[in-house]
Amino acid sequence: MPVKVVATIEARMGSTRFPGKVLERIGEETVLEWTAKRIRMAKLVDAVVVATTTSASDDLITDLCKQIDLPCYRGSEEDVLNRVASAARMMAADIVVQTGADCPFYDPDIIDQMIGILIKGNYHYVCNDMEEGYPVGVNLHVIASETFFDVDRLATSQRDRENVVTYIWEHPEDFRIFNLTPPPELKRPDIRLTVDYREDLALLNELSKGINNDSFRTIDIIRYLEKNPSLLEINKNCKMKQSSCAYNIE
């Protein structure tokens, strides 16, 4: 029986470090549009849904979703776990690919690889950020929906409600978990492809212009930066608030 794979994109305007970042532009498109576009390139993803909040400031996100025909669910700003789980339920997901709108350069091949690992290995949860390896910003989580909905029911702490998958990380004995480590050519944790600061956005704009091909993969970015290492100076002083994408990736 075929399974339905749904990618959820957590998005809100109220970022503490860079408010409104998801509607900033990389070239002619918003960061959110880039994120959805890149995820939709994955062959095994059947649908994409934005999980935003009921805050009035996020009306701008729902307006954009309507314009680009992107499904959108609105839920709690604080209870991110329930918001994402509810979005997955709305889309009748069998497998959930949890992503954030501030990672516009997701690699569709990595997404497909991780979905395949979950299905073939009968895992509950597959991630690629339990240890440093991939460039920051191609990290994601693939979760069997039954597991995800169980976590939504079982997690009670404020931290677990805010950070979606920390409950799984903290209870590894209860889940079949696989962490994907990068091949040597993709092991570049020093590269930031996420948007936490304006300097990050500046780098991604430079990469988009320089590579000039929307279907690029992570290896193409790494090779371009190897030829243009000075670009890494743009956001070298930017740091993530949390060390792992298991934490809130909005």
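Just so you know, all these numbers are worked out from the coordinates, no wet-lab data involved. All values reported here derive from a predicted model rather than from experimental measurement. Because the Cβ atoms are built from the backbone with ideal geometry, glycine has one as well, and the counts that use them run over all protein chains shown.
Structural descriptor for the stretch 81-172: relative contact order 37 percent, calculated from alpha carbon pairs under 8 angstrom and at least 6 residues apart. Amide H contacts of Ile26: Val31, each under 5 Å away and 5 or more positions distant or on a separate chain (H built 1.01 Å from N in the peptide plane; Pro and chain starts excluded).
How high is the relative contact order of the chain, in percent, with contacts defined as C-alpha pairs under 8 Å that are six or more residues apart?
Details: 472 pairs, mean separation 55.2, N = 250.
The normalised contact order for the chain reaches 22 percent.
Treating only the Cβ of Lys, Arg, Asp and Glu as charged (+1, +1, -1, -1), what charge dipole size does the chain show about its Cα centre? Round to the nearest 20 debye. Don't skip to the answer; put the middle values down first.
Details: 29 positive and 40 negative charges, 63 e Å.
Here the chain has a charge dipole of around 300 debye.
Evaluated at q = 0.15 Å⁻¹, a Debye calculation over the C-alpha positions of the stretch 5-233 (equal weights, vacuum) places log10 I(q)/I(0) at -1.00.
May I ask which of Lys21/Lys236; Lys187/Lys239; Lys66/Lys236 have a Cα-Cα span longer than 29 Å here? Kindly include the intermediate steps, with their values, before the conclusion.
Numbers: Lys21/Lys236 19 Å; Lys187/Lys239 18 Å; Lys66/Lys236 36 Å.
Long pairs (Cα-Cα over 29 Å): Lys66/Lys236.
Principal semi-axes of the equivalent ellipsoid, √(5λ) from the alpha carbon gyration tensor of the stretch 28-145, are 23, 16, 14 Å from largest down. Bridgeable lysines around Lys4 (alpha carbons under 18 Å apart, same-chain partners fewer than 8 residues away excluded): Lys43, Lys120.
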